[in-house]
1. Testing residue 100 on (1) within 14 Å of residue 8 (Cβ to Cβ); (2) open to solvent by 80 Å² or more (accessible area, probe 1.4 Å); (3) of a type in the set (Lys, Arg), one condition comes back false. Which one is that?
2. Of the residues 64, 86, 75, only one is of a type in the set (Lys, Arg), modelled with pLDDT of 95 or more and under 18 Å from residue 22 (Cβ atoms); which?
3. Which residues, counting only those in the range 48-101, are of a type in the set (Asp, Glu) and either touching a Cys at 6+ places or on another chain (Cβ under 6 Å) or touching a residue at least 60 places away in the same chain (Cβ under 8 Å) (or both)?
4. Step by step: first the residues of the range 7-43, then only those that are of a type in the set (Ser, Thr, Tyr) and open to solvent by 40 Å² or more (accessible area, probe 1.4 Å), then the one that is nearest to residue 100 (Cα to Cα). Which residue is that?
5. Just wondering, is there one or more residues in the range 32-41 that are within 21 Å of residue 111 (Cβ to Cβ) and modelled with pLDDT under 95?
6. Suppose we filter 93, 59, 79 for residues that are open to solvent by less than 10 Å² (accessible area, probe 1.4 Å), closer than 20 Å to residue 33 by Cα, among the aromatic types (Phe, Trp, Tyr) and within 13 Å of the chain's Cα centre (by Cα); which single one remains?
7. Can you pull out the residues in the range 59-70 that are farther than 20 Å from residue 13 by Cα and in contact with a helix residue (DSSP H, G or I) (Cβ under 8 Å, 6 or more places away or on another chain)?
Amino acid sequence: QVQLVESGGGLVQPGGSLRLSCAASGFIFSIYTMAWYRQAPGNQRDLVARITGSGNTNYADSVKGRFTISRDNAKNTVYLQMNSLKPEDMAVYYCNADFRRSYWGQGTQVTVSS
């Protein structure tokens, strides 16, 4: 049974940092491209960052230089380090695993507010 369990969301002030984690199970983690998406109320779900099994990354322009995606294949976990958070980063963040099928986590709320 495939599971993606996100954690690390919460309330943070503008300029602050959060680290999201996504623990995966039920599939061969190392061959999957892992990604973080986010969805704010009334908006579509957008790609934030993606990392391939070999470690190649790409980012949405809006988060370049502030967010870093990484993965630990030994722990079947993908991370999203978010620095210099802005109110416009506020959204539900979803973990995604993609190879021949695509899987989603349940999401974790990130609130950026003073």
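1. Residue 100 satisfies every listed condition except (1).
2. None of the others qualify; the one that does is 75.
3. 98
4. 30
5. Yes, some residue in the range 32-41 is within 21 Å of residue 111 (Cβ to Cβ) and modelled with pLDDT under 95.
6. Answer to the selection: 93.
7. Scanning the range 59-70 gives no hits.
The values are calculated or read from the model by the stated rules, or taken from the named source; none is laboratory data. All of these numbers come straight from a predicted model, not from anything done at the bench. Glycine also receives a Cβ, built like all others from the backbone with ideal geometry; neighbour counts cover every protein chain displayed. For the accessible areas, the whole protein counts, side chains as well, though only heavy atoms, and no ligand, DNA or RNA atoms are used. Shrake-Rupley method; radii C 1.70, N 1.55, O 1.52, S 1.80 Å.
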